[in-house]
1. What shape does region 5-63 take by its C-alpha gyration tensor, where a ≥ b ≥ c are the square roots of the eigenvalues and a/c under 1.5 counts as rounded, a/b above b/c as prolate, and the rest as oblate?
2. Taking region 160-309 as the region of interest, what is the percent of Cα-Cα pairs per 5 angstrom bin, listed from the shortest bin to the one with the maximum distance?
3. Would you pull out the residues with amide H under 5 Å of SER352's amide H, same chain only if 5 or more places away, H placed 1.01 Å from N?
4. Sorted from fewest to most neighbouring beta carbons within 10 Å, what does the list VAL363, VAL329 look like?
5. Return the sequence-ordered ³J(HN,Hα) values of region 417-423 in whole Hz as given by the Karplus equation 6.51 cos²θ - 1.76 cosθ + 1.60 applied to θ = phi - 60°, using x for Gly and Pro.
6. Which whole-number percent gives the relative contact order of the chain, counting Cα pairs below 8 Å spaced six or more residues apart?
7. Give me, ordered by chain and number, the residues 5 or more places off THR236 or on other chains with an amide H under 5 Å from its own placed amide H.
8. Just add up the charged neighbours of GLY191: K/R +1, D/E -1, any other residue whose Cβ is under 15 Å from the Cβ of GLY191.
Amino acid sequence: MTLPLSVKFIFIDNLEHCVQEGKTIQYEELIPFHGKQLWWETTLNPVYNEVGHIYRIIGTSKNITEQKEILAELTAAKEHAIESDRLKSAFLANISHEIRTPMNGILGFSALLKEADLSGEEQTEYVGLIEQSGQRMLNLINDLIDISRIEAGETKLQIEPTPVNKVLRDLHAFFMPAISKKKLQLHCTLGLPDTESIIETDSGKLTQILTNLIQNALKFTRTGGIDFGYTRQDTTLEFYVTDSGIGIPDEMLQKIFDRFRQVDNTLTRNHEGSGLGLSITKAYVAMLGGKLSVQSREGTGSTFTFTLPYNPQNSALTTQHSEDCILIVDDDDVSTLLLNKTFKGENITLLSAENGMEAVELVQHHPEINLVLMDLQMPIMNGYEATKLIKQQHPDLPIIAQSAYSSKEEKEKAREAGCNSFITKPINKTELLNLITQLQPPLTP
Ligand code: ADP
């Protein structure tokens, strides 16, 4: 083997060094060998004669490439472990902060509400703050449940014809109040006509992906606005959410997709959040067959983009329902009241029943009912029983089970009883309206 000149020079240098110093010299170097770079460790040992002069040098070289590689792997693993540990500690501190802050709001303002001399305005303000804190708490719990399901590989997809334009329009309406409050602009661009915008995907997950991205855009934008929408590129739809917010430093662009990762991980940061949103979003996009990416400039804004396969459906789902009639079955007055308020202004007639028995009777006498929202745990007759009875008479009438406990068993039991879908309380308006669009057959020709 002919050694490169540089290797020879290093050897001569070390040899001279060994003679001058009169002691063992050890050095490592990378030597090209059959197209590969190998690490060698060379030891030079001076040998002395009886009068104390060096009369020869014994040199040995050994290939230490494997040890070097193992060492590099171990170092990387150690750094990774230290980083994970640091993230875990930051996460625990953040989670406890994220729980305590809304709890403080809920308990603090509930106590204040009990005071006798509050003005109507103050009461409304306190109730609003309690609601806001409750929502923040719920978001955190939902994120934790979602990430645990993803990690356990238990996330189920519900692929069905999804009217993309409707999903986007609903999101636009949903975010408008928050956008106006921050004096920002919100634009939504639909890339296809309604009839061509129906694709086979999981509409709940699509809504969640866009909600997370728009929520982040809203959170990190102080002036300007947010644009979202999609364009069609052959066999894919390319969705985007662009903001004119604070932007993301280059070195963080990939890291923000990691669990618990935030650009600002300190407790004194200005923005609430668990650091889970983007990892959940990324996982959902991948499950739906797409890819999520980001482009950003600090101080200018960010654009999150994701793709979904375009597999159009020709369906009558875009038919506008103008005379929907929904039966709400729930023994809890507060839940019924909440649903009534939720549907206010939606051009929907609402009927209500307090238990399963009443529901069965109402369905018999009101053929105009075209959807039932069924609570499961109720006195006199529970939701499972009522669903079975209603489905015997009206197999095509869609029934959505609603419950506060969303265990897998309960969902399965609801499906077995005949429920077409399931929604968890507290009910999210956008999610429910999406479900209704997907489940209802066209009402009147
Ligand atoms: P969270 O928002 O709960 O902190 P995410 O996983 O959704 O968690 O986001 C992680 C981090 O990515 C955020 O904390 C923020 O630092 C950064 N980030 C996400 N979206 C944006 C955005 N639109 N503009 C600026 N920074 C963003």
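FYI, it's all coordinate maths here, none of it is from the lab. This one's a predicted model, so the numbers in the text were calculated from it and none came from an experiment. With ideal geometry, Cβ positions are generated from the backbone for all residues, glycine too; neighbour counts draw on all protein chains shown.
1. Working: a/c = 3.32, a/b = 2.46, b/c = 1.35.
It comes out prolate by the Cα gyration axes.
2. Pairs per bin, as whole percents: 2, 9, 19, 24, 20, 15, 8, 3, 1, 0.
3. Amide H neighbours of SER352, under 5 Å, 5+ apart: ILE328.
4. Numbers: VAL363 22, VAL329 30.
Least to most surrounded, the residues fall as VAL363, VAL329.
5. With the stated coefficients, region 417-423 comes to 5, x, 5, 7, 7, 9, 9 Hz.
6. Details: 663 pairs, mean separation 43.2, N = 445.
Averaging sequence separation for qualifying contacts and normalising by length gives 10 percent for the chain.
7. TYR310
8. Charge balance in the 15 Å sphere: -2.
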